[in-house]
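Note sheet for the following structure.
The values are calculated or read from the model by the stated rules, or taken from the named source; none is laboratory data. These numbers come from a predicted model, not from an experiment. Here the Cβ positions follow ideal geometry from the backbone for every residue, glycine too, while neighbour counts run over all protein chains shown. Just the protein is used for accessible areas: all its heavy atoms, side chains included, with ligands, DNA and RNA removed. Shrake-Rupley method; radii C 1.70, N 1.55, O 1.52, S 1.80 Å.
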Amino acid sequence: MTISDGTISHRDWKSVLRHDVPASLVVFLVAVPLSLGVAVASGAPLAAGLIAAVVGGLVVGALGGSVVQVSGPTAGLSLVVAELVYTYGWRATCAITAMAGLLQLGLGALRVARAALGVSPAVVHGMLAGLGVLIALSQLHIVLGGSPQRSALGNVLELPAQIVNNHTHAVLIGVLTIAVLLVWGRIPRVRAVPAPLAALVIATLTAGVAGWDLTRVDLGGGFSSVQTPLAPQGDWHAIAGAVLLVALLSGVESLLTAVSSNRLHDGPRADLDRELTAQGVGNVVSGVLGGLPMAGVVVRTTTNARAGARSRWSTVLHGGWVLLFTTAFAWMIALIPLEALAALLLFIGVQMVNLGHVRNLRNHREVPVYVVTMAGVVLIGLAEGVAIGLALAALLALRRLAWVSVDVRQDGERRWRVVVTGSLTFLGVPRLTEALRAVPAGSAVELDLHLDFMDNAAFVALHDWRLEHERAGGEVDVDETHGEWYSAAINGARLFPARIPPRHDRWWLPWAYRRPDGAHSYGPFEVIGADGGSAAGDGDAVICEPQGVPDLLKGTREFQRRTAPMARPLFTRMARKQSPSHLFITCADSRIVPNIITASGPGDLFTVRNIGNLVPRAGAVPPDDSMAAAIEYAVNVLEVRTITVCGHSGCGAMAALLGEVPDLPALRAWLRHGRQSLARFVAAGPGQDADDAGPLDRLCRINVIQQLDNLRTHPLVDARVRAGRLELTGLYFDIGAARVHALEQERFTPVPELRTTG
């Protein structure tokens, strides 16, 4: 369903009537009082707020990039507009609004909307909180029957005198309005009526019945009193700054609201560039017609989504309802006490200081940015407060980017370990050199660098320390886990952070592939041809022989040094109990590593490995209590939900079944459990699959299927499978292609790669 092309199906009409029309009425009831309140706070004609609401619905609602976002006059812009009205007059402010819309149109055409999301949310929320404080302080004076001052400090200083003076009727109507706003949403049967509307209606009726002497809202002739824009006079630098400020504040608030609206519905995601362009069109139209500047409004958008809106028709219709109501029932608006609108704005201003945002920012250590921005907006000014907040956010981001941790500890009688983590720049050099002073001269040092960047100043400081330490008789073993910043600097190479590939020469590579200490290139194998020469031609068999294989103790030492410190909390939690989800049965072949091909970790798999990944049938001869015990323990005690049999290409056990079993008595006895697989292979005949690599690999796959059948001969397994409490699955690992295949209806198909979208 679209508005732009005018097409709408019968089914869409039913959805509009069922969902969007009721939602539009709810939003309309919220929009009217809020638009009037924002106009009052802005020092603009009341009709200007209603004009902006109509344009926000009819124009921006039809063109916008979000299907549920509602635009209109917003409290976040009210004080900016009030300052513009005070400085340039109302008609010139309308011209500034139109020019700001033109600027937004240009920015939308350049497709820079997502750049606005680069502004720190702490700054945005701090700015809105500061504006909320200013609105609350200014409107509090109106509620008390007085007049607001020009500054927050002036409002605070005048507040005691306002409280002391007896403004009976004004105070009573303000307290009544706020009380209704607080309790209305907690009354179940009347919750469908928006609280702002209920508060103004009750306040108006109460004031009329009691005959209280209050200031009434004056529409001044309604839409007929609209004034056309007039070019602002004065310093064009200041005027250009005002245009830029209105355009950016309106645009950023609209885009942030559009992003938030995505979480409120299941429809199409917001198109931010389209939304910014639509806001530009709306502000041009509103400015030309004499309306307030507008933006996407969180309160109305949330109300629209919660009321059940399914399309942009709800937004458009709400604008039509505002236009109809203002034209036909303007006399009702004139009955509203101005003090009630001030109380509504006071309530909204307090709500703009959202403690939920503070809690979220605290988790990311951005509360200082929020507080400083809010204080700057309140005490100095909007533009100045935002600028200070942006500067502080940039400084904190720079500090985080330049964060470095240096840990120095003794690792033996004369051995020390130094671990440097983070971004090592000139800012971290003092901390680095101070920590390195703790290392005694002449000691052996293991220097672990976990760095994502190192600048020249840091390299010079680190390298000079190393040379000095080695001249004093000490030893320094430098090990870089991530990028080789230190090694590259020594060799004169240039590294770029975004282009550094992750190093995979550690945990999953065979020992023979890992670079020896001090080496800077892979090259652990010597390649010789099939004839024993030093080069292999095309089609020749290639033999790789390791230059040196470290023993198990070196491997465990590496585990203790690198992996154990990171994994120790995990192992500590799992030390008393295991709860794997799978029994994983696979071959003892050294090339098969279950945790790699399943991307699993400690505690995930209860693994049983044997030659040929065989599962002896229940009551088989010769018996095999080892496999039966593993099955019983996994199913009965550990209560695994899945048993997986994983075979692989080029299995030596299957090759022995096809050829001649070696003259090894125990092996001969064990391979008798594979005879069912061989018989199944013979009965199946030649393979017809296009991906068959030959008889051996075909037998390897058939063997997986047969072992799954063998599992069903165990009564415990069969009973749980029948009850739906246990699942049997088969996998096949193609070693040469490093590809896992899953068994589906007697056929293995490659497991698809998990892809992410950018």
| Once both axes come from the Cα atoms, what is the angle between helix 168-183 and the longest principal axis of the chain, in degrees from 0 to 90, rounded to 10? | 30
| note | At q = 0.19, 0.23 Å⁻¹, the log10 of I(q)/I(0) for the stretch 284-357 from a Debye sum over equal Cα scatterers comes to -1.25, -1.32
| field | Whole-Hz couplings from phi, Karplus 6.51/-1.76/1.60, listed for the stretch 333-346; x for Gly and Pro | value | 5, 5, 8, 6, x, 4, 5, 5, 5, 5, 5, 4, 5, 4
| request: Could you work out how far the C-alpha centroid of the stretch 238-316 sits from that of the stretch 66-83, in angstrom? | output: 8
| said: Classify the stretch 649-744 from the C-alpha gyration tensor, please: rounded if a/c falls under 1.5, else prolate or oblate depending on whether a/b exceeds b/c. | reply: oblate
| remark: Counting sequence-distant residues (5 or more places) and residues on other chains, those with an amide H built under 5 Å from that of residue 411 are 416, 417
| the stretch 138-176 versus the stretch 459-479: alpha-carbon centroid distance in Å | 70
| task | Any chance you could give the angle, 0 to 90 degrees and rounded to 10, that helix 382-401 forms with the longest Cα principal axis of the chain? | result | 10
| query | For the stretch 148-193, what is the per residue volume of the convex hull drawn over the alpha-carbon atoms, in cubic angstrom? | reply | 110
| note | Computed over the chain: longest principal axis from alpha-carbon atoms vs helix 695-712 long axis, angle to nearest 10 degrees, is 70
| request: Taking all pairs of distinct Cα atoms, average 1/r, flip it, and tell me the Kirkwood hydrodynamic radius of the stretch 122-276 in Å to one decimal place. | output: 19.9
| said: Using Cα-Cα distances under 8 Å and only pairs 6 or more residues apart, what relative contact order does the chain have, in percent? | reply: 14
| message | Charges at C-beta only: +1 for Lys and Arg, -1 for Asp and Glu. How large is the resulting dipole of the chain about its Cα centre, in Debye rounded to 20? | response | 2140
| note | A student applying the Cα gyration tensor rule (rounded when a/c is under 1.5; otherwise prolate if a/b is larger than b/c, oblate if not) would label the stretch 308-442 prolate
| field | Range of Cα positions in the stretch 197-347 per principal axis (Å), largest first | value | 51, 48, 29
| If you compute semi-axes √(5λ) of the Cα gyration tensor in Å for the structure shown, which of (1) 65, 29, 18; (2) 70, 37, 25; (3) 77, 41, 31 do you land on? | (2)
| task | Keeping the other protein chains in place, figure out the carbon and sulfur percent of the accessible area of the chain, with a 1.4 Å probe. | result | 60
| remark: Classified through the alpha carbon gyration tensor (a ≥ b ≥ c as square roots of its eigenvalues; rounded if a/c is under 1.5, else prolate when a/b is larger than b/c, else oblate), the stretch 606-699 comes out oblate
| With θ set to phi - 60° and the Karplus curve 6.51 cos²θ - 1.76 cosθ + 1.60, what are the ³J(HN,Hα) couplings of the stretch 367-374 in order, to the nearest whole Hz, using x for Gly and Pro? | 4, x, 5, 4, 5, 5, 4, 4
| remark: Of all DSSP beta bridges having both residues in the chain, the percent classed as antiparallel (nearest 5) is 40
| Average projected area of the Cα convex hull of the stretch 328-395, in nm²? | 7.0
| query | So what's the gap between the Cα centers of the stretch 396-448 and the stretch 578-608, to the nearest angstrom? | reply | 38
| query | Given 5 Å bins starting at zero, what is the percent of C-alpha pairs of the stretch 1-146 in each, up to the one with the largest pair distance? | reply | 2, 8, 12, 17, 19, 17, 12, 7, 4, 2, 0, 0
